[in-house]
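This report concerns only the one structure given below.
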Amino acid sequence: MAERTLCIIKPDAVERNLTGAVLKMVQESGLKVVGIKMLQMSEQQAGGFYAVHKARPFFEDLCRFMCSGPIVVAVLEADNAVKRYRDLMGATNPANAAEGTIRKAYAQNIERNSVHGSDSLENAAIEIAYFFSNLELVG
Ligand code: CMP
């Protein structure tokens with residue numbers, strides 16, 4: 001079934017000019033970009049996005065990092081997009097990421113791990129709505 005998921009290219013990857021390289025891996029894997037933009041979040045916006053992690057010890061560092069520079073947010077569409085994109089990203093900690101994944105290729109550590117992807121279809125809908133209106137999505 002066709003699904004949509006949210007992809008974030010994080011500040012560490014945008015800053016190293018890896019946006020094109022990441023999008024190439026995404027598109028070559030068959031995930032279709034149906035919405036995309038570049039922006040820089042405030043710390044408050046990052047906190048809202050990662051609200052589920054509020055109680056975690058890494059929450060503050062994560063929010064500071066996520067608003068430290070521009071990010072690229074994109075909506076990806078495909079059959080099983082949520083799982084397909086998570087598989088393409090690889091493990092959260094790049095030390096555990098498999099060959100051929102985005103994080104194996106580009107992530108620097110568990111925080112500066114280059115990309116984010118929704119972890120479920122339900123969260124994908126919430127995360128997409130956090131950044132995009134329907135008018136900004138095609139197809
Ligand atoms: P992401 O998929 O964006 O969702 C939450 C993020 O928290 C995760 O990727 C990691 O980059 C970040 N993070 C930082 N430290 C940790 C940690 N110790 N365990 C899990 N996630 C972490």
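A few points about this structure:
- Surface share of carbon and sulfur [accessible, 1.4 angstrom probe, percent] for the chain: 52
- The heavy atoms of D79 present about 80 square angstrom of accessible area, all protein chains included, probe 1.4 Å.
- Charge dipole of the chain (Cα centre as origin; +1 on each Lys and Arg Cβ, -1 on each Asp and Glu Cβ, all else neutral): 180 debye, rounded to the nearest 20.
- Qualifying GluC sites (Glu not before Pro) for segment 81-128 [loop in DSSP, other Cβ within 10 Å: at most 13]: E99
- Take the chain with all the other protein chains still there, run a 1.4 Å probe, and you get 52 Å² of accessible area per residue.
- S133 sits with roughly 50 Å² accessible to a 1.4 Å probe, with DNA, RNA and ligands left out of the calculation.
- Candidate aspartates and glutamates - alpha carbon under 13 Å from K104, same-chain residues fewer than 8 apart omitted: D87
- Exposure ranking of R86, R103 by accessible area [1.4 Å probe, largest first]: R86, R103
- Solvent-accessible surface (1.4 angstrom probe) belonging to K32, in square angstrom, nearest 10: 110
- Amide N of segment 75-97 lying under 13 Å from the label point, which is placed 7 angstrom from the Cα of R16 along Cα→Cβ: 94-95
- Segment 21-60 versus segment 74-139: alpha-carbon centroid distance in Å: 8
- Label positions at Q40 and N123, each projected 7 Å from the Cα along the C-beta direction, are separated by 2.7 nm.
- In straight-distance terms, cross-link reach from K54 covers every one of the lysines whose alpha-carbon lies under 25 Å from its own, apart from those fewer than eight places away in the same chain; here that gives K10, K83.
The values are calculated or read from the model by the stated rules, or taken from the named source; none is laboratory data. Keep in mind that this is a model prediction, so the values were computed, not measured. Every residue, glycine among them, receives a Cβ derived from its backbone with ideal geometry; neighbour counts consider all protein chains shown. Side chains included, ligands, DNA and RNA excluded: accessible areas come from the protein's heavy atoms. Shrake-Rupley method; radii C 1.70, N 1.55, O 1.52, S 1.80 Å.
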